[in-house]
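Nothing in this text is a laboratory measurement; each read-out follows from the coordinates by a stated rule. These numbers come from a predicted model, not from an experiment. Reconstructed Cβ throughout: ideal geometry from the backbone, glycine too, with neighbour counts over all protein chains shown.
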2 protein chains.
Amino acid sequence: MQLLKDRILAEGRVLPGNIVKVDGFLNHQIDVALLSEMAKEFKRRFGDAGVTKVLTVEASGIALGCMTAQEFGVPVLFAKKAKSDNIEGGLYRSEIYSYTYKKHVTLLVSAQWLTADDTVLIVDDFLANGEALRGLLDIIKQAGAKLAGVGIGVEKGFQPGGQALREAGVPLYSLAIIDSVDNGTITFRE
Amino acid sequence: MQLLKDRILAEGRVLPGNIVKVDGFLNHQIDVALLSEMAKEFKRRFGDAGVTKVLTVEASGIALGCMTAQEFGVPVLFAKKAKSDNIEGGLYRSEIYSYTYKKHVTLLVSAQWLTADDTVLIVDDFLANGEALRGLLDIIKQAGAKLAGVGIGVEKGFQPGGQALREAGVPLYSLAIIDSVDNGTITFRE
């Protein structure tokens, strides 16, 4: 998606550790107009899949999840990352490793809001190692729900998550795939 | 806002500890169409205040923050609750007490995205003790930004946050104020 790539080139920065910093428009301060355009791309790709629910994970996935849900006219459901007192029993759980926080976290989704009747579009702002997606796919499986596909904003193509999902046959659509960030220069996959 | 009150009466549940559970449409699974209507209410109230930015706090505030930002045509910025590796220096910080998680957490906002040029509308899904709002107001003060007002989805009127803010002169607009949940019956303020 050229609009997103242009924005990454114009405003993104590469930090040590191959971190691509896009916190001015994607995951801290958020340009909702841009996210709405990204959601339209997901609609073009997955609009015929019979999506009943958008599934994402807190925190930064929620923004793209909301704009996508608006485009599809369905609710968005976000997995929580820790047990809070406000979630009762009846939970799907999946343990993942968070590279951002360097610890294991458990994704939680209330079983009440995801069932075998659902056809789910997963969305997230970033895909790197794919741990969050592995957890969300596991939760969809636990629910017996159908997977429509996975829509990603920015995929870091030099990390293994995307390739593993494609090899597993997951319908994965990343709006921008960064193949390298050598010397701070961002190169996209054609 | 009658639409929200009706939805709370139809689908909300009261759990022990006076927790009002609205996780089917407001803060786990999210009805973005409802949130868009809530955002329109904020626009009616604060539309003339010259808002340049919507500020909220992760995680469940992000959804209402996004829909509100879309309505105002400005970016949304969300405070993060823990230090992650992906936030550099140049941060506003404010320590609050989270009653949900029963521990102190630090709200973090990158100084790059909030300055003295901003006029800020704070939004959040819930207001109870007001700790999150206290932290967000502190951050706005640190930035030297102007406060347009505070827009809340559901205020628990039997907890002290709302009254304290009103007494402090904060322009607070709550779309639904719950005055009591006695015996599991939800009563709204007129």
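Side notes on the structure shown:
- With the simple spin-label model, which puts each label point 7 Å out from Cα in the Cβ direction, the B:K141 to B:A116 separation comes to 1.7 nm.
- Rounded to the nearest 10 degrees, the inclination of helix B:2-11 to the longest alpha-carbon principal axis of chain B is 60 degrees.
- As a length-normalised measure over Cα pairs under 8 Å and 6 or more apart, the relative contact order of region B:93-152 settles at 41 percent.
- Straight-distance candidates among the lysines for linking to B:K141, with alpha-carbon spacing under 28 Å and chain neighbours fewer than 8 residues away dropped: A:K21, B:K40, B:K43, B:K53, B:K80, B:K81, B:K83, B:K102, B:K103, B:K156.
- Each copy carries a label point for A:I19 at 7 Å from Cα along the beta-carbon vector; from one copy to the others these points are 3.2 nm apart, nearest first.
- Shortest first, B:T115 label-point distances to identical copies amount to 5.2 nm, with the label point at 7 Å from Cα along Cα→Cβ.
- Among A:V105, B:V109, the order by Cβ neighbours within 10 angstrom, fewest to most, reads A:V105, B:V109.
- Peptide A:18-24 has a mean shielding of 3, counted as Cβ atoms of other protein chains within 10 Å of each residue's Cβ.
- Chain A: mean projected area of Cα convex hull, nm²: 10.4 nm²
- Classified by the C-alpha gyration tensor, region A:77-176 has an oblate form. Its axis ratio a/c, with a ≥ b ≥ c, is 1.5 or above, and a/b does not exceed b/c.
- Residues whose amide H comes within less than 5 Å of that of B:F126, counting only those at least five positions distant or on another chain, are B:G153, B:V154 (H built at 1.01 Å from N in the peptide plane).
- Least to most buried among B:F158, A:F25 (fewest other Cβ within 10 Å first): B:F158, A:F25
- Among A:G73, A:T115, A:L127 - extreme Cα towards positive end, dipole of region A:66-145, charges at beta-carbon: A:L127
- Estimated translational D of the protein assembly as shown in µm²/s (Stokes, Kirkwood radius over Cα pairs; 10 °C; 1.306 mPa s): 76 µm²/s
- At 7 Å out from Cα toward Cβ: A:G144 inter-copy label distances (nm, ascending): 6.1
- Per-residue ellipticity at 222 nm computed for chain A from its helices equals -9000 deg cm²/dmol, with DSSP H segments shorter than 4 residues left out and the rest contributing -39,500 (n - 2.57).
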